[in-house]
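Enquirer: Can you keep this structure in mind? I'll have questions shortly.
The values are calculated or read from the model by the stated rules, or taken from the named source; none is laboratory data. None of the values given here were measured: they were computed from a predicted structure. Cβ placement follows ideal geometry from the backbone for every residue including glycine, while neighbour counts extend to all protein chains displayed. Heavy atoms of the whole protein, side chains included, go into the accessibility calculation; ligands, DNA and RNA do not. Shrake-Rupley method; radii C 1.70, N 1.55, O 1.52, S 1.80 Å.
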Amino acid sequence: MERYMVIVTIFCMVITRISCCDIVKLTFPSGFKIGTASAAYQVEGAWNVSDKGENIWDHWTHNYPEYIRDGRNGDVACNSYYKYKEDVALIKSIGFDFYRFSISWSRVLPNGFANEINEEGIQYYKNLTEELLANGIEPIVTIYHWDHPMILEELGGWTNELMVEWFADYARVIFDALGPLVKTFITINEPSVYCGNGYNTTRHSPGKVLENMGHYICIHNTLKAHATVYHMYDDEYRSEQQGQISLTTQCDGWYLNDDSNATLVDQAFQFNCGWVVHPVFVGDYPEIMKTRIAMISELEGYPFSRLPEFSDEWVEYIKGTADFFGLNHYTSYILTADPDEESGIYNIDSGIIKSVNTSYPVGSLAWMSIAPEGFGNLLRMIRDQYDNPPVQIFENGYCDLGELDDYDRITYYNSYMTELLSVINNDNCNVVRYTAWSLMDNFEWSDGYTVNFGIVSVNLTDPDRARTSKLSTSWWRSVMETRTVQDVPTSV
Ligand code: GAL
């Protein structure tokens with residue numbers, strides 16, 4: 001009954017927003033690519049096999065298990081290091097066009113630097129890439145998905161500007177080894193998430209709480225590293241390898257409610273999405289971030305802004321370093337201005353309080369409400385702010401508690417993809433790729449194995465990590481066969 005209500009609620013939300021004259025085509029345009037994704041630390045396991053070095057997530061989970069909800073780690077994860085052929089067979093059986101996976105930096109460069117290349121590590125990624133290609137699946141490579149070698153963290157990690165060079169050296173090894181086979185590279189996954197969680201809180205490794213500025217410094221160096229690698233690809237690899245390259249950014253959506261107004265929406269958008277994307281698509285940090293953080297830093301007595309400044313040279317160098325807009329999106333929030341600011345108290349740099357609208361269905365993580373309306377708002381904002389760039393969605397998905405009859409996950413995908421097709425057809429949003437996160441249940445960072453995003457189930461206590469289909473596995477198979485969003489099956 002409860003499930004029936006969720007489906008009815010979402011259906012009504014979608015229908016009431018689509019006006020009489022909108023065209024609702026549920027078939028994807030020709031050429032539109034649909035696939036699935038994972039990340040090295042979340043699935044590979046084999047954490048100390050064949051010379052792999054220790055990375056910051058190995059270190060964090062081994063030494064501070066209290067920061068992981070179930071105290072577990074990615075030592076074995078989904079065992080994909082050994083089971084990659086089975087993973088590829090699963091992807092093929094569902095019919096996905098591509099598979100996005102990431103490289104473990106310390107598997108390739110065990111001590112972090114490019115003076116020692118681990119050929120066995122490289123070989124693993126070559127094998128995976130070749131297996132995908134042999135099965136007609138496009139490989140998409142994320143060069144960095146949060147797991148840099150521990151030695152680099154001991155040297156300051158993303159707060160040390162030398163990371164820019166170390167990252168470029170590492171990326172060069174990847175382009176040399178995989179570039180002939182891979183035509184889409186993502187330099188870096190979700191800067192605002194790992195910088196915010198890892199350098200301003202203990203939510204993610206390395207868990208450094210750095211004077212409310214570690215996250216700003218981390219993004220500053222990350223953007224320089226991304227741009228350096230983009231230019232390196234452009235100058236040295238593109239003409240021969242003929243690929244495309246960008247970064248992917250996490251952007252929240254929002255609901256329009258009584259408290260929302262255009263200024264509030266823009267402020268929230270710039271502090272969340274614009275922080276990373278504005279320097280790349282427009283140039284420099286968004287004005288509102290520069291102004292507010294400088295003003296609050298001054299009130300706090302700092303002789304400088306906690307948001308570092310780019311030189312004019314860096315502004316120019318970072319601007320334009322994207323062949324597409326990489327977007328990761330999960331959910332939306334109600335936005336409210338922090339009421340304390342009326343009395344001159346600035347608690348939050350963004351000035352925005354975000355809350356989950358619990359009248360929407362919520363998944364197994366408290367932040368995960370099913371709110372497709374916010375997704376549409378976000379895609380129209382990206383269209384308007386950045387001159388309608390080609391958007392490649394690299395993550396979108398739903399967490400539950402691992403049910404095999406995962407009706408809620410199907411409801412999520414059904415409603416988000418319906419929204420997506422609506423903005424493509426009716427609002428001229430230039431979205432060309434969609435990625436379902438994730439292929440299979442895996443290690444969900446600070447939540448360990450307590451929540452599940454997979455389209456395929458993994459027995460995460462069985463030493464063999466057996467895979468089992470869910471209801472959404474067959475739902476996705478039908479989507480891929482017809483290239484049309486399917487109805488949510490009726491539960492029995
Ligand atoms: C993203 C992250 C993924 C995955 C997902 C689900 O932020 O890139 O690795 O964990 O969230 O929460």
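Enquirer: State the number of residues belonging to the stretch 326-346 that are of a type outside the set (Val, Ile, Thr), open to solvent by 10 Å² or more (accessible area, probe 1.4 Å) and within 30 Å of residue 388 (Cβ to Cβ).
Expert: 3
Enquirer: Among the residues of the stretch 101-151, what is the count of those that are more than 16 Å from the ligand (Cβ to nearest atom) and in contact (Cβ under 8 Å) with a residue 24 or more places away in the chain?
Expert: Final tally of qualifying residues: 32.
Enquirer: Within the stretch 351-365, can one find any residue that is crowded, with 19+ Cβ neighbours inside 10 Å, in contact with a Cys (Cβ under 8 Å, 6 or more places away or on another chain) and modelled with pLDDT under 95?
Expert: Within the stretch 351-365 (the criterion being crowded, with 19+ Cβ neighbours inside 10 Å, in contact with a Cys (Cβ under 8 Å, 6 or more places away or on another chain) and modelled with pLDDT under 95), the answer is yes, since at least one residue qualifies.
Enquirer: Continuing with this model, one more query. Residues that are within 22 Å of residue 309 (Cα to Cα) and either within 16 Å of the ligand (Cβ to nearest atom) or without any contact (Cβ under 8 Å) to a residue 24 or more places away in the chain (or both): does the stretch 227-241 have at least one?
Expert: So far as the stretch 227-241 goes, no, none of its residues is within 22 Å of residue 309 (Cα to Cα) and either within 16 Å of the ligand (Cβ to nearest atom) or without any contact (Cβ under 8 Å) to a residue 24 or more places away in the chain (or both).
Enquirer: If you scan the stretch 125-145, which residues turn out to be touching a Ser or Thr at 6+ places or on another chain (Cβ under 8 Å) and open to solvent by 10 Å² or more (accessible area, probe 1.4 Å)?
Expert: Within the stretch 125-145, just 138 meets the criteria.
Enquirer: Taking the stretch 162-196 on its own, how many of its residues are open to solvent by less than 20 Å² (accessible area, probe 1.4 Å) and assigned to a loop (DSSP other than H, G, I, E, B)?
Expert: 3
Enquirer: Within the stretch 469-489, count every residue that is more than 16 Å from the ligand (Cβ to nearest atom) and open to solvent by less than 20 Å² (accessible area, probe 1.4 Å).
Expert: 7
Enquirer: Then there is this: Here is a check on your reading of the model: is residue 264 buried (at least 21 other Cβ atoms within 10 Å of the Cβ), touching a strand residue (DSSP E or B) at 6+ places or on another chain (Cβ under 9 Å) and at pLDDT below 95?
Expert: no
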